[in-house]
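Data first, discussion second: the structure below is written as structure tokens.
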């Protein structure tokens, strides 16, 4: 168990109070002006996690913690909630959503066999708390691929799920055929609709493979950047920039780089 020094947290709260009272920039901020900055900080943390950059993870977690304290300060100023209410709220939620660890009043521990049981219980408890839909907890502003994964995971908890990955791949093939039919029709809206179905089914297939679709695509993005950048360097060494090359010439360099990187 990692030790937590309350003094360090109280120091951050004190600094936030001082900045809010004395710094012109901090005094001007609202929950709306902070929103985009918080999203950027979250992506910076995601980048650090992808790179397994522990120094960066520590730094970005600190930045996010600052934002949390900032929002709590604004919430208190507007008499919406206090820091204690926010913290106690998540403590109570964690306790109520983990009945296999914390027995509820008048009943014993809930038995679970694995992580899937935990997820199912979590969703059932959310519905009991008044959540109208299993899918209601998925943020609207999530990136589309991440949202697709979360929607599928949520639906799984109530049994809306394929039995095996072969069935999921059959669905991918079905969606591909429908996409090709849409392409033949020339209807752009229909093509977009069917292409979305292909993406959604591929995300589902990745989930059945226990592969994070977002991570998989990001790895390919980074691989493309690495190879394309190296292709630019090779082109400069030959004295002929990419824009002056034919597609065949660029493809030849690309394939050479690909072979080198896969050895």
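Numbers at a glance
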| read-out | value |
| --- | --- |
| GNM top mover of 80, 29, 243 - the chain, alpha-carbon springs below 10 Å | 243 |
| Spherically averaged projected area of region 215-261 from its Cα convex hull (nm²) | 3.4 |
| Over the chain: helical MRE at 222 nm, DSSP H runs n ≥ 4 each giving -39500 (n - 2.57), nearest 500 | -24500 deg cm²/dmol |
| Cα centroid of region 124-153 to Cα centroid of region 160-186, whole Å | 24 |
| Histogram of C-alpha separations across region 125-250, 10 Å bin width, % | 11, 26, 27, 22, 10, 4, 1 |
| Hydrodynamic radius by Kirkwood, which averages 1/r over all alpha carbon pairs of region 7-86, in angstrom | 13.5 |
| Highest to lowest packing among 69-78, 86-95, scored as the average C-beta count within 10 Å | 69-78, 86-95 |
| Tail fraction, Cα-Cα pairs, region 142-211, threshold 18 Å, whole percent | 42 |
| Over region 189-231: Rg over Rh, Cα atoms, Kirkwood Rh | 1.14 |
| Span from the region 61-83 Cα centroid across to the region 220-242 one, whole angstrom | 45 |
| The chain, relative contact order [Cα under 8 Å, separation at least 6], % | 9 |
| Relative packing of peptides 233-240, 153-160 - highest average C-beta neighbours within 10 Å first | 153-160, 233-240 |
| [x] 1.05; [y] 1.02; [z] 0.93, with the label sought being that of the calculated Rg/Rh (Cα atoms, Kirkwood Rh) | [x] |
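Computed from the coordinates by the stated procedures, all read-outs in this text should not be read as laboratory data. These figures come from a predicted structure and were not determined experimentally. Neighbour counts are summed over all protein chains in view; Cβ atoms, including those assigned to glycine, are modelled from backbone coordinates with ideal geometry.
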